[in-house]
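Colleague: One structure coming up, written as structure tokens, with questions to follow.
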Amino acid sequence: MSDVIGIDVGGTFIKAGRVDTKGNIVKELDEIPTEAEQGPKHVISQIIRAVKELSIKEALLVGIGTPGIISLDRSTVKYPPNLPGWEVIDLGKEIGSAVSTRVVVDNDANCAALGEAMFGAGKNIPSFVLATLGTGVGGGIIIDGKIFRGETGGAGEIGHSTIDYNGPQCNCGSFGCVETYIGRAYFARRVAHKLETRKDSLLHELLKDGGELTPEIISRAANKGDAFAYEELREAGYYLGVGLANVMGLFDIHTAILGGGIAQAGEPLFEGVRRAIVQFSQPPIAESFALHHAALGNNAGILGAAALVL
Ligand SMILES: [Zn+2]
């Protein structure tokens, strides 16, 4: 089997690489600005250019990860957040006909889960749930080595599962979603609010030059021994853990993998997640679950997309 092409379409950048069957990126293009505000036609032409640049001689299979819900035939992208004007686009057909090859499209979080299953922290683990913590909270569920996609392709959206029906309203319209506790902006806003009464926190010192309160700064303060920052990360992890415990219990899955920016905070966050899983799971899971860091890091997008066609 020959190399394949993996493409990760983000709201800001498109990442593209050529990947061999063992999961090595053998050639990677410089990040291409998505320029999403110029509309779908422009983004599609950017993707086509990247495929052509990586193909050279022969037509290679192409896997593409995008935000949004992807049709069950893994070709049509529906209402991707961060890509204005897209609504419903048959991306597989648009790209496939332009470069004469087979194209498989899936949701970026599903791609990340599949990538971890083939090459990362989920290798040799038949079933697991992956949560990707970024601007939003994405999720993917792997059952017996395959992505669980649901009836219309929208399964695994752990970020929009409700953990408190009296909770804050989410961008999605619902209330108390996991994302409203650990999504980047929501998390930072909650911590900023509490920080006003915590004059002892190191965060005041770290922000004194007018810096923005971000999960990274909170994580830095926690690593420097700031009790307030540590507690906030642990609490955010606890909320996430409630959502994970629900998924793990429903599907009888015993492994969770955490990836994305805030996951790098490490122990405080993981401690909170573990506490919640123990507290909200039945004994078979509470006593024997495993929690791992995602292993693919910055390569997750390209490798996950490539995994669709490997
Ligand atoms: Zn939501």
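The values are calculated or read from the model by the stated rules, or taken from the named source; none is laboratory data. All of these numbers come straight from a predicted model, not from anything done at the bench. Note: ideal-geometry Cβ built from the backbone for every residue, glycine included; neighbour counts use all protein chains shown. Areas reflect the complete protein model, heavy atoms only, side chains present, ligands, DNA and RNA absent. Shrake-Rupley method; radii C 1.70, N 1.55, O 1.52, S 1.80 Å.
Colleague: What are the residue pairs meeting all of these: first residue in the stretch 276-299, first residue within 10 Å of residue 245 (Cα to Cα) and without any contact (Cβ under 8 Å) to a residue 24 or more places away in the chain, second residue of a type in the set (D, E, K, R) and assigned to a loop (DSSP other than H, G, I, E, B), Cβ atoms under 9 Å, and 6 or more apart or on different chains?
Modeller: As it stands, the answer is 278/287, since those pairs meet every condition given.
Colleague: Now, a different point. Among 295, 290, which is the only one that is open to solvent by 60 Å² or more (accessible area, probe 1.4 Å) and within 26 Å of residue 115 (Cα to Cα)? Outline the logic, then answer.
Modeller: Working: 290 fails: open to solvent by 60 Å² or more (accessible area, probe 1.4 Å).
Exactly one of 295, 290 is open to solvent by 60 Å² or more (accessible area, probe 1.4 Å) and within 26 Å of residue 115 (Cα to Cα), namely 295.
Colleague: Yes or no: the stretch 86-104 includes at least one residue that is of a type in the set (Ser, Thr, Tyr) and surrounded by 18 or more Cβ atoms within 10 Å (Cβ to Cβ). Let's see the steps before the verdict.
Modeller: Start the filter on the stretch 86-104 by keeping residues that are of a type in the set (Ser, Thr, Tyr), which leaves 97, 100-101.
Imposing the further condition that a residue be surrounded by 18 or more Cβ atoms within 10 Å (Cβ to Cβ) reduces the set to 101.
Scanning the stretch 86-104 turns up at least one residue that is of a type in the set (Ser, Thr, Tyr) and surrounded by 18 or more Cβ atoms within 10 Å (Cβ to Cβ).
Colleague: Follow-up question, since we're still on this one. Can you tell me which residues in the stretch 163-173 are under 20 Å from the mean Cα position of the chain (by Cα) and near the ligand (Cβ under 8 Å from one of its atoms)? First the steps, then the outcome.
Modeller: Here is the first cut: in the stretch 163-173, the ones under 20 Å from the mean Cα position of the chain (by Cα) are 163, 170-172.
Across the stretch 163-173, the qualifying residues are 170, 171, 172.
Colleague: Still on this model: Given the condition in contact (Cβ under 8 Å) with a residue 60 or more places away in the chain, within 16 Å of the ligand (Cβ to nearest atom), outside any strand (DSSP E or B) and open to solvent by 30 Å² or more (accessible area, probe 1.4 Å), answer yes or no: does some residue in the stretch 237-244 qualify?
Modeller: Taking every residue of the stretch 237-244 in turn, at least one turns out to be in contact (Cβ under 8 Å) with a residue 60 or more places away in the chain, within 16 Å of the ligand (Cβ to nearest atom), outside any strand (DSSP E or B) and open to solvent by 30 Å² or more (accessible area, probe 1.4 Å).
Colleague: Looking at 140, 225, which one is assigned to a strand (DSSP E or B) and away from the ligand (no atom under 15 Å from the Cβ)? Quick ask: steps written out before the conclusion?
Modeller: On the way: 225 fails: assigned to a strand (DSSP E or B).
Result: 140 is the single residue among 140, 225 that is assigned to a strand (DSSP E or B) and away from the ligand (no atom under 15 Å from the Cβ).
Colleague: In the stretch 191-214, what count of residues is obtained for those that are open to solvent by 50 Å² or more (accessible area, probe 1.4 Å) and either within 21 Å of residue 237 (Cβ to Cβ) or within 12 Å of the ligand (Cβ to nearest atom) (or both)? I'd like the intermediate steps shown before the answer.
Modeller: Going residue by residue through the stretch 191-214, those that are open to solvent by 50 Å² or more (accessible area, probe 1.4 Å) are 193-194, 196-200, 202, 204-205, 208-210, 212.
The next check asks that each one be either within 21 Å of residue 237 (Cβ to Cβ) or within 12 Å of the ligand (Cβ to nearest atom) (or both); those that pass are 193-194, 198, 202.
Qualifying residue count for the region: 4.
Colleague: Sticking with this one: So which pairs qualify, if the first residue must be in the stretch 166-187 and in a helix (DSSP H, G or I), the second must be within 7 Å of the ligand (Cβ to nearest atom) and not charged (D, E, K, R), the Cβ gap must be under 8 Å, and the two must be at least 6 apart or on different chains?
Modeller: So the pair list comes out as 179/159; 179/160; 179/170; 179/171; 179/172; 180/170; 186/180.
Colleague: Here is a follow-up. I need the full set of residues from the stretch 143-158 which are within 12 Å of the ligand (Cβ to nearest atom) and in contact (Cβ under 8 Å) with a residue 60 or more places away in the chain, in order please. Steps first, please.
Modeller: Our first condition is that a residue be within 12 Å of the ligand (Cβ to nearest atom); within the stretch 143-158, this holds for 157-158.
Listed by number, the list holds a single entry, 158.
Colleague: Let me ask something else. So, residue 126, is that one open to solvent by 60 Å² or more (accessible area, probe 1.4 Å), more than 16 Å from the ligand (Cβ to nearest atom), within 23 Å of residue 11 (Cα to Cα) and assigned to a loop (DSSP other than H, G, I, E, B) or not?
Modeller: Numbers: open to solvent by 60 Å² or more (accessible area, probe 1.4 Å): yes; more than 16 Å from the ligand (Cβ to nearest atom): yes; within 23 Å of residue 11 (Cα to Cα): no; assigned to a loop (DSSP other than H, G, I, E, B): yes.
For residue 126, the condition - open to solvent by 60 Å² or more (accessible area, probe 1.4 Å), more than 16 Å from the ligand (Cβ to nearest atom), within 23 Å of residue 11 (Cα to Cα) and assigned to a loop (DSSP other than H, G, I, E, B) - is not met.
Colleague: Among the helices (runs of 4 or more DSSP H) contained in the stretch 266-308, which hold 3 or more residues that are of a type outside the set (S, T, N, Q), under 23 Å from residue 23 (Cα atoms) and touching a strand residue (DSSP E or B) at 6+ places or on another chain (Cβ under 9 Å)?
Modeller: By residue number, 300-307.
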